[in-house]
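In what follows, a structure is listed as structure tokens, so that the remarks can point back to it.
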Amino acid sequence: MAADVAEVVRRAIPVSAPVAGLILGSGLGGLAARIEGAQSIDYAALPGFATPTVPGHEGRLITGTLAGRPVVALAGRFHVYEGHSAAMAAFPVRVLHALGARILLVSNAAGGIRRSLRPGDLMIVKDHVNFTWMNPLTGPVVAGDERFPDMSDPYDPALRRLLAETADAAGVPVSEGVYFGLTGPTYETPAEVRMLERLGADAVGMSTVHEVIVARAIGMRVAAVSCITNQAAGLGDGAISHAEVIEVTRKAANAFEQLAAGFIHRV
Ligand code: HPA
């Protein structure tokens, strides 16, 4: 199925051996504008794809070069809170793999739980907890997948180092942390945030974990960056809104784009 979608993409736009696949999270789609020679295809033209329903998610697969190196990028993702299965949320990762990507760079917007995290900060994901209680690999084994994939190094240590070095070289402040993926669509309650903090969460969001599980199951190396858009519920002042999330990602976009482009240049 992913191979069929990849074939549709190849017939529509040029794809040259990508060094990485990119997933551009909420409000982080601006990286697409840095892709040179960009050619894109709407999700609507891809069999099995849905149309993203969330503002900040475009719904285009883009090929071209970033920092001089070929990439394939997904501007817009599918979330389980939109009614998609975990397998569907992760399906586009299979398409990136079928197009030749063996490294996956994921980005997302997240709420900061670690007290030192502030809106606009970037966090390199060092590990995650899949707190959605859904797994994209339940059901019959997809051909080529492992039944029981290892998850002891979900976020590749060498790629994490490369992200940290790139951030350092670019003067972009970053820290590392553990991302908890929940289904949403509600933001958390303060009590839930206190629980997540005790369980070891640095940040919380509504994506990423299913994509990373599938990427690891098909042997991709993964790196991920969270853009902290707000202090999680009860830690900051006032209510959390998607408008605020998008606004903060826009402000952090330049630092994120520098980090992502520098990473792709070096990987
Ligand atoms: N919680 C969950 N997901 C999020 C948040 C949050 O506080 N901010 C951005 N995405």
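The values are calculated or read from the model by the stated rules, or taken from the named source; none is laboratory data. Predicted, not measured: the structure shown is a model, and the values here were computed from it. We place every Cβ from the backbone using ideal geometry, glycine too, and count neighbours over all the protein chains shown. Accessible surface is based on the protein model in full, side chains and every heavy atom, while ligands, DNA and RNA are left aside. Shrake-Rupley method; radii C 1.70, N 1.55, O 1.52, S 1.80 Å.
When the chain is treated as a Gaussian network with alpha carbon springs shorter than 10 Å, the biggest mean-square fluctuation among Leu159, Leu28, Leu96 belongs to Leu159. Of Ala86, Ala233, Ala109, the residue with the greatest mean-square motion in the GNM of the chain, using alpha carbon springs below 10 Å, is Ala233. In region 125-168, what trypsin sites (Lys or Arg not before Pro) fall in a loop by DSSP, with at most 13 other Cβ atoms inside 10 Å? Answer by residue number: Arg147. Spin-label model, Glu165/Arg194: points 7 Å from Cα along the beta carbon direction are separated by 4.4 nm.
Between the beta carbons of Ala45 and Thr183, assuming R0 = 30 Å, the FRET efficiency works out to 0.60 to the nearest 0.05. With the gyration tensor restricted to C-alpha atoms of the chain, the semi-axes of the equivalent ellipsoid amount to 27, 21, 18 Å, longest first.
Of all complete DSSP H helices in the chain, those with a Cα span along the helix axis of 18 Å or greater and a mean Kyte-Doolittle hydropathy of -0.5 or more are 86-98, 157-170, 242-266.
The Rg/Rh ratio of region 39-84, with both radii computed over alpha carbons and Rh defined as the Kirkwood radius, is 1.03. Computed in the context of the full set of protein chains, the accessible area of the chain at 1.4 Å probe radius has 53% of its extent on carbon or sulfur. When a/c is below 1.5 the answer is rounded, else prolate if a/b is larger than b/c, else oblate, so apply that to region 113-171 with a ≥ b ≥ c taken from the square roots of the Cα gyration tensor eigenvalues. Verdict is oblate for region 113-171. Annotation: Cα Rg of region 41-115 relative to the compact-globule expectation 2.2 N^0.38 Å equals 1.19. Taken about its Cα centre, the chain carries a charge dipole of about 380 debye when Lys and Arg each add +1 at the Cβ and Asp and Glu each add -1 at the Cβ. Projected onto planes of every orientation and averaged, the convex hull of the alpha-carbon atoms in region 1-127 covers 8.2 nm². Answer rounded, prolate or oblate for region 53-202, using the Cα gyration tensor with square roots of eigenvalues a ≥ b ≥ c: rounded when a/c is under 1.5, else prolate when a/b is larger than b/c, else oblate. Rounded shape, in that the Cα axes give a/c under 1.5.
Could you identify which residue out of Ser241, Ser107, Ser26 has the top mean-square fluctuation in a GNM of the chain using Cα springs shorter than 10 Å? The residue with the greatest mean-square fluctuation here is Ser241.
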